[in-house]
Amino acid sequence: MIRLVASDMDGTLLNSQKETGRGLKGVIRTLRNRGVLFAAASGRSRSSILSYFDDMPVTVIANNGGAVYLEDGTLLFTGEFPYEKARPVMEAARSASYMHLVLIGVKDTYVQMDEPEEHKIFADFYFNKKVRFVPSLEQVFLTDQIVKISISTGANRQNENRGMKFMQQFADTFSLVLSGDGWVDLTRKGISKGYGLEQVCRHYEIAMEETIVFGDYLNDLDMLRLTPNSYAMANAHPEVKKACMNVTRFTNNEDGVVRELTNIFGLE
């Protein structure tokens, strides 16, 4: 019996225009009435994730597992790290002209005001207009719990592998993943979407065999590998398709998750 559906956002639930598929809210509502929980897992912050669901009952695995929230907004877990650990990463990113920083905290998502306009526009689009532009990223550590460092290497992804290789110098203290659209994400060591999903399942006493998980990119692998009911999107990275038990028939631009859930649960 399936008791929880977890899905990535970008490239999975969201199409290339960062919109949810038709019928998603109806599917979530129907599943909830059947006792099936829905969890949205993303590198985004909670506010950015929830902006797509209105008042729908959604459990949130935010910041690649760096912060986990129950349906009622209760903060179940946070993987906060101090400025002392973040400082070398930030300095390294700033030393490369093709890297641009975003800090994600429990309260907000932050970009420094003096960043190039192109990066500010891209970050604002990617995080669904939930970005705060601040004079100094260093100062936000005093007012928020920072749980993730995101580094944009460019929307065309031409520098993402280069950026990932460069940031491997911090692999001893941070978990690093490529999260799509040219982003390199760093969370506290051991933190991932999979870790966040484990926290959710432990809280609700749900076995991994009772979950269905959807994803499309490399930062989804940790949670996809936890369940025998894993679904790679038709548009997924080849390594993700290889790791999953199933591949959806339709892509994220074809409402792939909604159509797959409709088929699995026999919905109208």
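The values are calculated or read from the model by the stated rules, or taken from the named source; none is laboratory data. None of the values given here were measured: they were computed from a predicted structure. With ideal geometry, Cβ positions are generated from the backbone for all residues, glycine too; neighbour counts draw on all protein chains shown. Each accessible area value is taken on the protein alone, full model and side chains, heavy atoms only, with ligands, DNA and RNA left out. Shrake-Rupley method; radii C 1.70, N 1.55, O 1.52, S 1.80 Å.
Which one is farthest from LYS129 (Cα to Cα), of the residues in region 17-34 that are in contact (Cβ under 8 Å) with a residue 40 or more places away in the chain and aliphatic (A, V, I, L, M)?
Across region 17-34, the extreme among qualifying residues is LEU31.
All but one of (1) at pLDDT 95 or above; (2) under 19 Å from ALA67 (Cα atoms) hold for ASP216; which doesn't?
The number of the failed condition is (2).
Can you list the strands (runs of 3 or more DSSP E) found entirely within region 1-120 that contain at least 2 residues being hydroxyl-bearing (Ser, Thr, Tyr)?
Of the strands (runs of 3 or more DSSP E) lying wholly inside region 1-120, those with at least 2 residues that are hydroxyl-bearing (Ser, Thr, Tyr) span 109-112.
Being of a type in the set (Val, Ile, Thr) and touching a residue at least 60 places away in the same chain (Cβ under 8 Å) narrows it down to one of VAL111, VAL140, VAL147, so name that one.
VAL147
Residue-wise test of (1) open to solvent by 40 Å² or more (accessible area, probe 1.4 Å); (2) under 25 Å from GLY182 (Cβ atoms); (3) modelled with pLDDT of 95 or more.
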| site | (1), (2), (3) |
| --- | --- |
| THR20 | yes, yes, no |
| GLY26 | no, no, no |
| ARG29 | yes, no, no |
| ALA39 | no, no, yes |
| ASP55 | yes, no, no |
| ASN64 | no, yes, no |
| TYR69 | no, no, yes |
| MET99 | no, yes, no |
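Would you check which residues across region 155-179 are in a loop (DSSP other than H, G, I, E, B) and either under 17 Å from HIS119 (Cβ atoms) or in contact with a strand residue (DSSP E or B) (Cβ under 9 Å, 6 or more places away or on another chain) (or both) and list them?
ALA155, ASN156, ARG157, GLN158, ASN159, THR173, SER179
I'm trying to understand the selection: among the residues of region 121-154, which are among the β-branched types (Val, Ile, Thr) and either under 16 Å from the mean Cα position of the chain (by Cα) or in a loop (DSSP other than H, G, I, E, B) (or both)?
Within region 121-154, VAL131, THR143, ILE146, VAL147, ILE149, ILE151, THR153 qualify.
Any residue at all in region 81-97 that is in contact (Cβ under 8 Å) with a residue 24 or more places away in the chain, open to solvent by 40 Å² or more (accessible area, probe 1.4 Å) and within 24 Å of THR251 (Cβ to Cβ)?
Checking region 81-97: not a single residue is in contact (Cβ under 8 Å) with a residue 24 or more places away in the chain, open to solvent by 40 Å² or more (accessible area, probe 1.4 Å) and within 24 Å of THR251 (Cβ to Cβ).
Restricting the search to region 48-61, which residues are touching a residue at least 40 places away in the same chain (Cβ under 8 Å) and not aromatic (Phe, Trp, Tyr)?
Answer for region 48-61, where residues must be touching a residue at least 40 places away in the same chain (Cβ under 8 Å) and not aromatic (Phe, Trp, Tyr): SER48, ILE49, SER51, THR59, ILE61.
For region 150-157, state whether one or more residues are in contact with a helix residue (DSSP H, G or I) (Cβ under 7 Å, 6 or more places away or on another chain), open to solvent by 50 Å² or more (accessible area, probe 1.4 Å) and either charged (D, E, K, R) or modelled with pLDDT under 95 (or both).
Yes, region 150-157 contains a residue that is in contact with a helix residue (DSSP H, G or I) (Cβ under 7 Å, 6 or more places away or on another chain), open to solvent by 50 Å² or more (accessible area, probe 1.4 Å) and either charged (D, E, K, R) or modelled with pLDDT under 95 (or both).
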